[in-house]
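Here the structure is laid out as structure tokens; the discussion comes afterwards.
The numbers here are math on the coordinates, done by the rules we state, and not lab data. Only a predicted model underlies this, so the values are computations on that prediction, with no experimental measurement involved. For neighbour counting, all protein chains shown are included, and Cβ atoms are generated from backbone atoms with ideal geometry for every residue, glycine included.
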Amino acid sequence: MTEYFPPEQPIREELSVRRERVLLVGVLTDGRPLVGDPLAELAELTGSAGATVVGRVVQRRRSFNPATCVGKGKLEEIRQRAETCQANVVIFDNDLSPSQIREIEKATRRKVLDRSELILDIFASRARTREARLQVELAQLEYTAPRLRGMWTHLERIAGAGGATGAGVVGGIGTRGPGERQIEIDRRIAAKRIALLKRKLAQIDRRKIREVHARAECFTISLVGYTNAGKSTLMNALTAAGTRIEDRLFATLDTLTRRWPLANGRHVLLSDTVGFIRDLPHHLVASFRATLEEAIHADLLLHVADASSPEARQQVQVVEGVLAELGVGDKPQLLLLNKIDAIEDEATLPILRRMYPTGLLISALTGSGLEALQAAAIEQIQGDQRRLTLSLPARDGRALGFLERYAEVLDRRFENGRAVVEVRIAPGMLGRLHNIAPDVQGTPTVDEDRPTHR
């Protein structure tokens with residue numbers, strides 16, 4: 001039986017949509033192009049949250065209605081469709097203001113959520129580690145705090161604190177004062193909790209940075225990309241990490257780092273990160289900065305895209321936008337067009353090759369293209385190599401091991417307690433070598449004439 005809410009006090013405490021029947025609503029403005037099914041992604045998000053989609057309503061407008069987002073006639077259509085489909089939740093594929101949510105709930109007599117609330121609900125249900133739970137709670141509070149006014153408009157001043165009013169004398173001596181609304185109490189509690197969570201996450205962030213710097217001698221690679229693009233499947237294929245794989249959005253929230261063995265005994269550290277999505281709430285990106293620390297400090301990013309998706313181009317643009325927001329848009333990247341085994345239209349591959357001539361076509365599920373990926377990663381590690389003769393302490397096994405892994409050793413000899421090694425090495429790797437072994441002297445060989453001393 002359909003659950004109805006009284007129009008004067010919509011229930012907003014419970015935002016979860018698990019096991020509920022949902023009507024999806026999308027408002028397309030002139031600035032948003034209509035590509036394929038405009039509510040397909042919202043439907044996937046709703047399914048990931050555990051709810052059932054029973055209907056869809058789409059309206060194109062020049063601008064959002066400031067009162068209800070949609071027009072008056074469309075709002076009545078939404079109410080009728082919700083009754084017909086027996087939907088008890090209406091989810092908008094847009095961000096709504098508290099007053100808009102209140103007015104839509106009053107008109108439809110159903111709980112109303114917007115896109116950000118739905119994403120936050122999914123993140124809350126997937127958080128497993130303490131770090132992820134803190135990040136989700138912070139994102140929820142930062143989203144909810146500005147909306148408290150719209151959620152508590154039915155409350156009046158607390159009785160007994162009326163100050164100059166007649167009711168103010170009810171509490172007696174010591175209780176009279178200027179009074180305080182429930183909204184002010186909640187805002188203060190929320191502000192204190194947000195400050196506490198930020199302090200805790202700052203500690204985690206500092207620890208993450210220390211962990212990243214402690215691996216200075218290792219070349220680090222991070223998997224980034226749109227959610228459900230196959231990053232975890234690729235992680236398993238390259239490292240045998242045993243990551244749980246699910247065909248749903250935001251299956252991975254916590255960062256996982258494993259060794260990826262390359263040719264000639266070399267290895268790098270490969271990290272899997274949380275996926276991105278269109279219109280990802282900014283406060284969610286900020287909250288998950290500690291989780292994304294691996295990507296921020298990585299030497300190379302593997303941008304995994306779902307080549308089988310009809311919106312592959314838009315998804316690539318979304319990821320590039322989020323990376324730019326994180327300040328890593330200029331970091332070296334390899335674009336991996338994944339899931340080529342799932343492409344049904346034969347014309348898709350030639351189109352993708354023209355659009356992304358440097359992209360690698362792979363299938364993490366079948367293993368196709370992974371050898372080319374490994375070769376491309378080795379090429380990125382080696383970079384524009386220079387031929388140098390390096391002198392370092394013979395007892396520094398860490399530095400010698402680093403050269404074996406990340407440089408091409410051409411010759412080696414020992415003189416007066418020092419190892420003299422002739423190598424081909426990338427400038428980036430040379431800088432990393434100096435970080436772990438400051439007592440390294442280098443001279444160019446053959447026709448190299450660029451100085452290498454620090």
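On the first, second and third principal axes, largest extent first, how far apart are the outermost C-alpha atoms of the range 21-123 in Å?
32, 30, 24
R0 = 45 Å: FRET efficiency of PHE414 with ALA240, Cβ-based, nearest 0.05?
0.75
Nearest 20 debye, what's the magnitude of the dipole of the range 21-123 about its Cα centre given +1 on Lys and Arg Cβ and -1 on Asp and Glu Cβ?
With Lys and Arg at +1 and Asp and Glu at -1, about 420 debye.
Taking N as the number of residues in the range 301-389, what value does Rg over Cα atoms divided by 2.2 N^0.38 Å take?
1.22
Over the range 89-129, calculate the relative contact order: mean separation of alpha carbon pairs under 8 Å at least 6 apart, over the residue count, as a percent.
48
Given the Cα-Cα distance of ALA347 and LYS200 and 0.36 nm per residue of separation, how much length would full extension add, in nm?
Taking 0.36 nm per residue and subtracting the Cα distance, the gain is 47.9 nm.
Using only Cα atoms, what is the ratio of the radius of gyration of the range 383-444 to 2.2 N^0.38 Å?
0.97
Suppose the chain between CYS85 and ALA394 were pulled fully straight at 0.36 nm per residue; how much longer would it get relative to their current alpha carbon spacing?
Contour length minus the Cα-Cα distance gives 103.6 nm.
For THR358 and GLU379, calculate 0.36 nm times their separation in residues minus their Cα-Cα distance, and state this gained length in nm to one decimal.
Taking THR358 through GLU379 to full extension adds about 6.2 nm, to one decimal.
Could you point to the residue in CYS69, GLN80, SER48 farthest towards the positive end of the range 21-123's charge dipole, with +1 and -1 charges on the Cβ of Lys/Arg and Asp/Glu respectively?
Positive-end residue among those listed: GLN80.
For HIS267, list long-range residues whose amide hydrogen, built 1.01 Å from N in the peptide plane, is under 5 Å from its own amide hydrogen.
Residues meeting the amide H criterion: LEU262.
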